[in-house]
Each structure stands twice: as structure tokens, then as C-alpha cells.
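First, the structure itself, so that you have it in front of you.
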Number of protein chains: 2
Amino acid sequence: MSEVARPTLSDALTERMLELIRTGGHRPGDRLPSTRELSQRFAVTTPTLREALRRLEATGAIELRHGSGIYVGAAIERLVLPNPNMREIHAAQLLELLDARILIEPPLAALAAEHAGSEELAALRQTLDEAARHLRGEDAELHDANMTFHRATARLAGNSVLHEVVDSLLTVHGPEQREILQIFDDRRRDHEEHLEILAAIEARDAARAEQRMRAHLADVKTVIEHRMQPPE
Amino acid sequence: MSEVARPTLSDALTERMLELIRTGGHRPGDRLPSTRELSQRFAVTTPTLREALRRLEATGAIELRHGSGIYVGAAIERLVLPNPNMREIHAAQLLELLDARILIEPPLAALAAEHAGSEELAALRQTLDEAARHLRGEDAELHDANMTFHRATARLAGNSVLHEVVDSLLTVHGPEQREILQIFDDRRRDHEEHLEILAAIEARDAARAEQRMRAHLADVKTVIEHRMQPPE
DNA sequence: CATATCAAGTGATCTAATCACTTAACGGGC
DNA sequence: GCCCGTTAAGTGATTAGATCACTTGATATG
């Protein structure tokens, strides 16, 4: 049911291309091999290769110049994040990602307390209750249920741009990343802290909502830090 | 020299697809026509269509589910579109985008003041000086030069995730959006405020850097608001 | 009523040839 | 000698239709 979609050929290709660029020590502006050579090296046909190239182009990793060649794009140095097609995350990046969330989500919780309509709040409350019922379910479902709370809170803040940012930060990119994240999960405690945050929002207490969200994310970060490097 | 590359077929297709989704009133989660139908409707072959689809997928506008169909993605609401009719919507989105930046960038400026190495700072200073020399150049170049400052500052903060977030917020999607943005630009004042922010970072004054960045973005927002709806 | 099976519909990939564009070398004209 | 149009090689862009792989809901089965 919640099976993770198997990666497609062009998915894998996209990652291998990125790897080629990185481990090859290529810098922005460098020219890459031609499409003919690439399709041979990676043993795929032209259309498949092109799909991967278009994705990399869309994210700024490469640049395609008709009649000239394929060039490394400026974005190649900062591509770490949420790209739907690339699965790549290191534990260290996990901490950076959490720092990002600590910066963004607490103010959003405050905004949610001020702006959220009662209908939306009721829906969120219901979502949390459902999540509670899954507390003994499979790991994958549970993780998703908990993440839903953060997405929903971001939506209540009423800024679609920030909502999308948080949404992309929370998106789990592939089974590998999911596995890593679940190592650090502490579902029951998370759920309780979520309830506290929601209570603050329902009470229209912006300051408390913000503080609770910050404390919650700080907790999560602490857990990750401790589990990453056990006391020596 | 600065000739704009002639749009490729799949370039045009990408835009037409976006238009189809929007004018069709489709919402995230909605299912789109099959690849076979789309390739017929737009009179292109399968591989060409797929290139466009992969690009839209990479930006989150759509989602491809093997065996199931093509679905509208969550990002569709925020993606700016090449459609003259929707300028007001664009302007409205601009305000939300600015709110997002006001939330994220000031703390990043503070972090930059604390963490930035002197080498990186020198490079940023140089970038700004170069921008100054372009103050009479073409609009497009100038806008980019000013945006570079914000990107660079985000990078100095040392969090790659947040850097990428800011970078994506600053990315200009296509010539139409660029045009809209330039209406609101006040390059000279921007440049001066950038200098103030940089000075604060160089002085390692985190609090001042944060305050200046916040004031700067607030200024930009004020300008946009006033120009959007002139005093009645 | 629940579960297993299956068929229709859909995206993913292959094939290989041809078209369109860029670039740099070459050569004629000034 | 220098400038500029021509050209040829290399490169990305597109074509066509067939086939494979996956999802999903209807149907049959227990």
C-alpha cells in the first residue's frame, strides 16, 4: 500500500549523471561529453538520457546548448536539497535541514495561531487524532502521519510560498532517506509535542505556539545529534 | 552576443502544458490526460512530450505515476506563469514571496556575520563592487547583479539547505517574470542598502546585519505595495 | 464478505535515422 | 596583412511506432 515507488531508469540516470559531474571534479561552465557518448557510457538510449538531462537542466545543474554541447550549471555546487528526482542525503545534511526548519517553522506556527480559520483547525485536529490511532502501525505510515502535522501547520500560516518551502523540506526522497529518518524517530513523544503545539494554536496563543514548535524541533535535533555520535 | 536562444520545441511545450493546467482550472492532485492523448493534442512525439513532462516534474508542477497517470503537483500554485492575464496574481504572489524572504533572510545575515570567512567576505565585497559598475548597464544584468548579493549572503550563513531555499526563492522563472520584477526595482537604493548590510557583516555585527537586512526587504516590499495600488 | 485474479489503461523504454544549430577553420576580397 | 563570408564537422533536437512494466478497478473465487 505505502510501497515506495521503484526508481525508474531515468531516475537512476539522473543520479549517476550528478555523480559523474561531482566525482569528475567538474566546475560550472565545464563542458560534458556529448549526448551520443553519454548514452553509450550509461548504456541507455537517447530519449531516456534526454529525460535525465532535462531534469538536470530544470534544476540548474546543467545547461543544454543546441549545437554546442552540455555544460555544468551554476546550481551544481548547491544542489543538496529537495529535488524530487535525486536521492541523496547525509546525516550531516539532516542537521542542516533541521536548522532550517527551526528557523522557519516556529514563526509559521505563530502565524497559524493568528490566521487559521476554525474549519482548518478542526481538520488539523482530526488529522492528529488519526495519527494517534496509527501509533502502532507500520513505521512508514507513522512517519508520514507525523510529518503531515508539520505540513498542515505550515499551510495554516496562509503563505503559499512558505508552505511550499516547508513542504519541500519535509518531503522524503526515496527509501534510502526514509530509512535514515526513521532511525531517529521517536513517534510517541513527537505526537505529544504536536498536541501541545496544536493546543496553543487553537487557543490563538501565537507566542506559545511559536515557542512550543521551536522546543519540539530542538528536541528532535538533540535526539539526532546524540544518536549520530554516541558519547565516547 | 546576448542573443536569446530560440526556444526549442520542448521549451514551448513546457509552457503550453503549464497553460493547459492553469486555464483548465486544475488543482493539485487532479489527473491530467494520458501521455498518448497529450502527444496528440500538442502534435509532438512521445520523447519530446516526455522531455517537457520531466522538466515540469523536476519543478514540482506535475507528478508522474507509472501505470497510474499524470497528476498536478503541489508547486503548481506558486509557479509563475507566462500569461499576461495573470499579472495581478503574480504581483500578489510577489508579496508572499517577499514575506517569505523577510522571515528567512535576516537571520541568515546574522549567521553570515558570525560564520563567514574573510576570504568569502572579500569575494562578496568584490561582487558588490562589480555590481556598482553595472549600475547603468542593461536592466536584466543589473537585476541579476543585485540578486547575487542575496544569494551570496545566504551562502555565507553556512547552511546549504537554507542557501538552496533562498536560491530557489530568488530564481527568476522566465522572461515574463523578469519583466514584472523589474517594474518594482529601484536599483540604486537597493545597492546602497546592500552596502550597509555587507558593512555590518564585515564588522561581525550580527544584530545589525539582521536588522539591516530586515529593513532592506521591508523597503522593497513597501515599494511594491505602493506601486501595485497607487493611492486612490 | 474478503481475497485472489485478471484485463484495460497508463507511463517507461527502445530503436535508429534525420533535422537544426553552433563553432572554428578556411579562403577570398579589401 | 586583415576582415568577413563560407563551409564542414560536431552537437543537440525531433521523429515514428512498437513493446515492456506498472497500477487499478472490475470480476471471479473462496
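Once the label point is set 7 Å along the Cα-to-beta-carbon vector, what list of distances in nm do you get between B:Thr8 and its counterparts in the other copies?
1.7
Using a label point 7 angstrom from Cα along Cα-to-C-beta, what distances in nm, from shortest up, separate B:Ala43 from the other copies?
In ascending order, 4.1 nm.
Any idea of A:Leu195's accessible area? Nearest 10 Å², probe 1.4 Å.
Using a 1.4 Å probe on the heavy atoms, I get roughly 60 Å².
On to the next question. Using the basic label-point model (7 angstrom from Cα toward the beta carbon), what is the A:Ala218 to A:Glu130 distance in nanometres?
The answer from the label model is 3.2 nm.
Given a 1.4 Å probe and heavy atoms of the protein chains only, how would you sort B:Glu193, A:Glu57, B:Glu225, largest accessible area at the top? Could you put the intermediate results ahead of the total?
On the way: B:Glu193 25, A:Glu57 50, B:Glu225 75 Å².
Descending order: B:Glu225, A:Glu57, B:Glu193.
What does the accessible area per residue of region B:9-77 come to in Å², with a 1.4 Å probe and no ligands, DNA or RNA counted? Working shown, then result.
Working: 3430 Å² over 69 residues.
Here the per-residue accessible area is 50 Å².
May I pose another question? Compare A:His66, B:His194, A:His226 by solvent-accessible area with a 1.4 Å probe and give them largest first, with all protein chains kept in place.
Details: A:His66 190, B:His194 0, A:His226 115 Å².
Sorted by accessible area, descending: A:His66, A:His226, B:His194.
If you roll a 1.4 Å probe over region A:9-78 with all protein chains in place, what percent of the accessible area is carbon or sulfur?
Values: 1580 of 3500 Å².
Using a 1.4 Å probe with all protein chains present, region A:9-78 comes out at 45 percent carbon and sulfur.
Given a 1.4 Å probe and no ligands, DNA or RNA in the count, how much accessible surface is buried by A and B, both sides, to the nearest 100 Å²? Walk me through the numbers on the way to the answer.
Values: alone 12860 and 13270 Å², together 23290 Å².
In total, this chain pair buries about 2800 Å².
Starting from a label point 7 Å past Cα on the Cβ side, list the distances from B:Leu20 to the same position in the other copies, nm, shortest first.
Those label-point separations list as 3.0 nm.
The values are calculated or read from the model by the stated rules, or taken from the named source; none is laboratory data. Treat the numbers as computed from the prediction; the structure is a model and nothing was measured. Using ideal geometry, Cβ is built from the backbone for each residue, glycine included, and neighbour counts are taken over all protein chains shown. All accessible areas refer to the heavy atoms of the entire protein, side chains included, with ligands and DNA or RNA removed. Shrake-Rupley method; radii C 1.70, N 1.55, O 1.52, S 1.80 Å.
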